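S.K.: I have a structure here, written as structure tokens, and I will follow up with some questions on it.
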Amino acid sequence: MKTSKYNNIQVALHWLVALMVLFMLIMGTFVLAQTPNSDPSKVTALRGHMFFGSAILLLTLVRLVWRRMSTQPDHAETGNALLDKLGIAAHYALNLLTLLVAASGIGIAFQAGLPGIVFGGQGNLPPDFWAYTPRIAHGILTKLLIALIALHVIGALYHQFVIKDRLFSRLWFRKRNS
Ligand code: HEM
């Protein structure tokens, strides 16, 4: 059966993950990365970051599986074939980057023994995380994710306010049977 809108589970997952990623990008950049590992509050900050980061990974996987299992509306069109292809590519890239950011975070955690230190109270944090390759990847990938999210938001606003195709209504809750 054809549909013109995303289903309610997809709407909920989209906005929940979007808010969580935004929160993590802001807190990661302006709080976590600015707090030295010698600061006693760092373990608590890492605990929250690792918990939310892993939850984002899990929810993104659930979102992708749910997407495969349910009927999707057609890709939004702009009237320009190149822009339409870019829009589709940007959606793939957003999902991929989110997964890679979370995976590189988990990479740092395991290389630095963080699960034991942060959740088990065993041992101390290293002086910093820059000796671990996934830390460099995590830094670069988060910057790429910020750039792509900015592009994604600009694209959505272009649909809503320039093309005026009411794109946002596709991504909001609908009543049963509507
Ligand atoms: C999509 C989910 C995630 C987002 C958006 C995110 C975001 C960030 C950001 C913005 C930074 C600072 C980067 C910089 O300024 O160089 C950061 C650092 C970090 N993240 Fe994540 N992260 C995510 C998932 C994870 C996960 C799952 C873990 C571990 C289980 C993790 C562990 C770390 C660690 C250890 C740091 C380094 C902090 C430091 O250098 O002091 N992240 N993250």
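S.K.: Just to verify a result, which residue in segment 26-70, among those that are loosely packed, with under 13 Cβ neighbours inside 10 Å and in a loop (DSSP other than H, G, I, E, B), is farthest from the ligand (Cβ to nearest atom)?
M.R.: S70
S.K.: Could you list all residues from segment 148-173 that are under 24 Å from V21 (Cα atoms), surrounded by fewer than 14 Cβ atoms within 10 Å (Cβ to Cβ) and not hydroxyl-bearing (S, T, Y)?
M.R.: A150, V153, I154, L157, F168, W172, F173 - these are the residues of segment 148-173 that are under 24 Å from V21 (Cα atoms), surrounded by fewer than 14 Cβ atoms within 10 Å (Cβ to Cβ) and not hydroxyl-bearing (S, T, Y).
S.K.: Taking only pairs six or more apart or across chains, which ones have beta-carbon atoms under 9 Å, a first residue in segment 36-59 that is closer than 18 Å to P127 by Cα and hydrophobic (A, V, I, L, M, F, W, C), and a second residue that is more than 10 Å from the ligand (Cβ to nearest atom) and part of a helix (DSSP H, G or I)?
M.R.: If the second residue must be more than 10 Å from the ligand (Cβ to nearest atom) and part of a helix (DSSP H, G or I), the pairs left are V43/I117; L46/I117.
Per-residue answers, yes or no, for (1) assigned to a helix (DSSP H, G or I); (2) touching a Ser or Thr at 6+ places or on another chain (Cβ under 9 Å):
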| position | (1), (2) |
| --- | --- |
| Q72 | no, yes |
| L82 | yes, no |
| K85 | yes, no |
| I106 | yes, yes |
| H152 | yes, no |
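S.K.: Follow-up. From the residues in segment 77-90 that are loosely packed, with under 14 Cβ neighbours inside 10 Å and under 18 Å from the mean Cα position of the chain (by Cα), which one is nearest to the ligand (Cβ to nearest atom)?
M.R.: A89
Per-residue answers, yes or no, for (1) within 16 Å of the ligand (Cβ to nearest atom); (2) among the β-branched types (V, I, T); (3) in contact (Cβ under 8 Å) with a residue 24 or more places away in the chain:
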| site | (1), (2), (3) |
| --- | --- |
| G113 | yes, no, no |
| V118 | yes, yes, yes |
| T142 | yes, yes, yes |
| V153 | yes, yes, no |
| D165 | no, no, yes |
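S.K.: Something else: May I ask you to say which residue of T133, T142 is surrounded by 16 or more Cβ atoms within 10 Å (Cβ to Cβ) and at pLDDT 95 or above?
M.R.: T142
S.K.: Still on this model: Among residues belonging to segment 1-35 that are touching a residue at least 40 places away in the same chain (Cβ under 8 Å) and of a type in the set (V, I, T), point out the one that is farthest from L100 (Cα to Cα).
M.R.: T3
S.K.: Continuing with the same structure: If you scan segment 13-25, which residues turn out to be surrounded by 13 or more Cβ atoms within 10 Å (Cβ to Cβ) and more than 10 Å from the ligand (Cβ to nearest atom)?
M.R.: Those that are surrounded by 13 or more Cβ atoms within 10 Å (Cβ to Cβ) and more than 10 Å from the ligand (Cβ to nearest atom): L13, H14, W15, L16, A18.
S.K.: Given the condition part of a helix (DSSP H, G or I), at pLDDT below 95 and surrounded by 16 or more Cβ atoms within 10 Å (Cβ to Cβ), answer yes or no: does some residue in segment 108-117 qualify?
M.R.: Looking through segment 108-117, none of the residues is part of a helix (DSSP H, G or I), at pLDDT below 95 and surrounded by 16 or more Cβ atoms within 10 Å (Cβ to Cβ).
The values are calculated or read from the model by the stated rules, or taken from the named source; none is laboratory data. As the structure is a prediction and not an experimental result, all values here were calculated from the model. Because the Cβ atoms are built from the backbone with ideal geometry, glycine has one as well, and the counts that use them run over all protein chains shown.
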